[in-house]
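Readers should treat all values here as calculations from the given coordinates under stated rules, not as data from a laboratory. Every value quoted in this text rests on a predicted model; they were computed, and no experiment measured them. Using ideal geometry, Cβ is built from the backbone for each residue, glycine included, and neighbour counts are taken over all protein chains shown.
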Amino acid sequence: MSSGPDGAPAGAGHVPVSGDDARRGANGTGPSNRSAPLEIEGLVAGYGGVTALHDVTLTAGAGAITAVLGANGAGKTTLLRAVSGMIKPRRGRVLLGGHDVAGRSPEQVVRAGIAHVPEGQGVIAELTVEENLRIGMMSWPSGLGRWRAATGQQMPGGQQAAGSGRAERAAALDEAYGRFKPLSDRRRKLASTLSGGERQMLVIARALLSRPRVLLLDEPSLGLAPQIMAQVMDLVTGLSREHGLTIVLVEQNAREALAVADHGVVLNLGRIVASADASTLAADVTLRHHYLGF
């Protein structure tokens with residue numbers, strides 16, 4: 001994939017998408033390609049006295065793209081927030097590879113292997129591109145912690161552990177810049193100076209630096225020109241097809257989402273009203289008319 005006139009994502013290339021440090025190995029830099037299913041069971045969540053999700057149950061298959069569709073107010077964003085720990089579910093389970101992460105803090109969810117890219121191109125405008133990217137590595141444990149996780153042994157010399165951690169972070173940044181080349185050219189620039197496409201690239205690259213097994217994308221094409229939106233969707237497809245990343249894609253543009261997804265789920269007023277292969281949902285005339293807007 002090449003970058004567009006608005007600085008849209010270049011080809012994702014060999015983007016690291018592995019999970020925790022034990023899976024990455026002692027050096028912590030290489031992908032494991034061990035995707036995991038995300039299973040949501042009986043999830044109930046909301047805000048104050050308002051219930052936005054009612055007993056939602058779905059499975060995002062390992063290494064597949066699951067599109068979550070519906071009109072504004074259907075509960076799509078609330079679903080991702082409940083999975084990622086931004087809001088605490090009132091009831092239900094969120095299973096990653098069979099382990100329940102429901103109710104954990106956002107930091108704990110990231111360490112478990114779930115990264116969330118919220119809607120609105122959520123860069124920190126006052127920071128540089130590189131400072132934004134470094135935030136993605138904040139969930140990494142120390143070099144000594146990585147060594148213990150991978151080997152079960154004590155690592156002699158704290159300085160060696162610290163040096164190893166710096167080297168790993170530098171290698172991860174170099175890899176991100178190599179795969180998202182427009183970011184490399186602007187690494188010292190403030191994120192506020194980026195175009196819409198470049199900002200979307202930055203938030204996705206930052207999420208990938210946390211080494212997720214599951215990536216939650218909330219309206220990644222929001223506000224982008226059609227050409228740039230198509231390139232973002234190409235990037236999403238590559239992360240799933242080429243790197244085995246499990247992706248949950250929330251999109252208002254149902255046509256574009258179903259074109260890249262393996263499976264689709266339709267929400268209406270916080271309840272699942274349809275769940276099927278993406279091609280089946282796209283071909284359902286009644287569903288398209290009542291819930292999907294095309």
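Worth pointing out:
- Taking other Cβ atoms within 10 Å as a rough exposure proxy, Lys76, Lys88 sort from fewest to most as Lys88, Lys76.
- Theoretical gain in end-to-end length, Glu107 to Leu127 [0.36 nm per residue, Cα-Cα removed]: 5.2 nm
- By the count of neighbouring beta-carbon atoms within 10 Å, fewest first, Ser221, Ser275 end up ordered Ser275, Ser221.
- For segment 60-84 and segment 216-258, distance of Cα centres in Å: 13
- Residues Glu107, Glu198, sorted so that the one with the fewest Cβ neighbours within 10 Å comes first: Glu107, Glu198
- Modelled FRET efficiency - R0 25 Å, Lys189 with Ala225, Cβ distances, 0.05 increments: 0.70
- Residue-span extension gain [Glu41 to Ala170] - 0.36 nm each, minus C-alpha spacing: 42.5 nm
- Extended-chain gain in nm, criterion 0.36 nm per residue less alpha-carbon gap, Ala259 and Val273: 3.1 nm
- Taking 28 Å as the straight-line reach from the Cα of Lys181, the lysines in range (excluding those fewer than 8 positions away in the same chain) are Lys189.
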